[in-house]
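Some notes on the structure that comes next.
The values are calculated or read from the model by the stated rules, or taken from the named source; none is laboratory data. What you see is a predicted model, and the numbers here were worked out from it, not measured in a lab. All Cβ positions, glycine included, derive from the backbone under ideal geometry; neighbour counts span all protein chains shown. With ligands, DNA and RNA removed, areas are computed over all heavy atoms of the protein, side chains included. Shrake-Rupley method; radii C 1.70, N 1.55, O 1.52, S 1.80 Å.
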Amino acid sequence: MLLPMSLKKGAKQRSPVRRRSFPCKLHHITMMACMLGIIACVTIKKTSQENQRMLMSFRNGMLNAIKVKEWRHKVVSGCKAAVSDDDMVKIKKVSREFTSAIHENESVNNLDLKPEYWIQRCPFVFLDIGAGRGDTIGQFIDAGLEGCRRSDDDTEGFDQMHFDAESGKFVEALEKKKNKEGSKDFTMWVKHRIESFYPGLGPEDYCAYGVEANPLLKDDLVKLERHVNRMEPRPLRHLHFLTEKAAHSEDDVKKTIFIDSVRNEDNYPGSSLFESHKNVRESVDKYTDTFKYDVETISLSTLMKQTLSFFKDDANETKSRDTAETTELDEEHKTMEALSKQHLILYFDVEGSEFHVLNEAVDSGVICDFVKDTSNALDIFIHYHSPDVMNVMSKSAKRYIEQVRPYLLSDECGGENLNIKEHMKYFVDVV
């Protein structure tokens with residue numbers, strides 16, 4: 001397997017700059033990636049053609065992550081060493097040349113574009129519940145980008161780039177459109193939570209999945225998914241959107257989504273499964289009625305079991321495989337899990353459905369199974385929607401506040417392995 005020169009043991013160094021070793025945290029994750037890549041190469045020789053492609057995709061994902069990490073290391077270490085304005089100019093050039101060099105690889109062999117590989121189980125997962133136009137995916141990608149400022153008033157410093165989901169391009173921070181409340185907080189929160197979980201990891205190690213019910217956004221999300229999965233190098237391990245799907249307390253049940261027609265230019269931000277939602281009521285008042293569509297539901301329990309390798313369902317996945325090949329692929333996943341604890345980042349902005357979704361996931365035991373008595377971590381960033389917005393205090397909201405949330409945060413379930421960041425919190429903690 002070809003490795004970057006900086007990772008080869010005993011490689012001859014050509015300049016003093018290259019003599020710097022990786023920080024301990026980066027060394028750990030790159031070594032883990034290299035080990036997994038080598039294991040994948042060995043296993044490839046023993047499997048069928050289809051499974052060879054799967055394992056090769058896994059190996060390529062590891063090599064892709066190394067490329068991104070090496071670039072990030074150059075920017076971070078260069079920023080720390082910078083003492084003059086000329087140094088800052090050079091570091092900015094390194095930063096911008098990398099994002100400028102990212103391009104689309106339209107290879108027909110890209111497995112991530114094939115329907116059977118849209119959903120993959122991974123040890124590190126980001127679930128964007130209520131994906132909208134894909135802006136939150138862009139903010140998640142931003143957590144892996146780096147700027148450089150030696151102080152708050154450093155005029156020669158520069159901010160990190162921003163991935164604009166609408167254009168699919170990396171743009172200067174000043175070109176950002178005005179984002180919804182909490183977007184900057186979310187990016188910094190993600191950066192901090194990943195660093196706390198395992199130093200050296202980044203968004204490039206995560207499989208990202210978005211769930212969006214509004215069918216008017218489907219075409220844009222499909223386009224964004226194909227674009228990101230074709231990037232070289234990729235800012236994410238994998239990306240897939242579950243479109244015309246509403247996160248709720250049950251699976252495969254038809255629900256009606258009511259469109260926020262008043263704010264159509266902002267991608268219908270207040271669209272909701274609840275007709276009583278403030279933005280839906282405003283749309284009805286203005287237009288006498290509003291657009292509505294039937295969509296199918298999916299539960300958080302199902303999403304977690306389908307996307308996290310922690311919940312690998314051997315019974316369902318072994319039926320169509322040869323026994324020997326199954327053993328080899330299972331060993332591949334076991335090795336991956338043995339070398340890394342697992343991490344799930346959840347983002348909720350689902351216009352009132354957050355209570356139903358979390359209540360179900362706690363009731364089913366899937367959240368507690370993932371974090372209790374394990375080395376796994378679950379980080380939740382949630383936007384609450386109050387009775388003033390929903391025009392009602394639902395039974396689900398009341399139960400979440402009084403029973404489910406306290407249990408979720410207790411040692412009986414999440415304990416220290418679960419962290420929750422709450423926006424627009426309108427209630428007091430139940431003691």
Amide H neighbours of Asn376 under 5 Å, at least 5 residues apart or on other chains, H built in the peptide plane: list them. Gln342
Over all directions, how big on average is the projection of the convex hull of the alpha-carbon atoms in the range 74-131, in square nanometres? 7.2 nm²
Considering Cα pairs under 8 angstrom that are at least six residues apart, work out the relative contact order of the range 208-268 and quote it in whole percent. 42 percent
Amide H to amide H under 5 Å from Leu242: which residues, 5+ apart in sequence or cross-chain, H placed 1.01 Å off N in plane? Gly210, Val211, Glu212
Provide the per-residue ³J(HN,Hα) series for the range 142-153, in order, calculated from phi with Karplus coefficients 6.51, -1.76, 1.60 and θ = phi - 60°, each as a whole number of Hz, with x at glycine and proline positions. 4, 5, x, 9, 10, x, 7, 9, 6, 7, 5, 9
The range 275-282 - phi-based ³J(HN,Hα) in whole Hz, Karplus 6.51/-1.76/1.60, Gly and Pro as x: 5, 7, 4, 3, 5, 5, 4, 5
Give, in nm to one decimal, the length gained when the segment between Tyr407 and Thr288 is fully stretched (0.36 nm per residue of separation minus the Cα-Cα distance). 38.6 nm
Excluding ligands and nucleic acids, what accessible area in Å² is computed for Lys245 using a 1.4 Å probe, to the nearest 10? 50 Å²
If you count only protein heavy atoms and use a 1.4 Å probe, how large is the accessible surface of Ile119, to the nearest 10 Å²? 60 Å²
Set Lys372/Lys395; Lys218/Lys245; Lys67/Lys93; Lys395/Lys425; Lys245/Lys372; Lys114/Lys341, cut-off 21 Å on Cα-Cα distance; pairs above it are Lys372/Lys395; Lys245/Lys372; Lys114/Lys341
Based on the Cβ-Cβ distance from Asp86 to Asn110, what FRET efficiency comes out when R0 is 45 Å, to the nearest 0.05? 0.65
Residues listed by number, the range 244-279, amide nitrogen under 18 Å from Val392 label point at 7 Å toward C-beta: 247-250, 254-260, 271-279
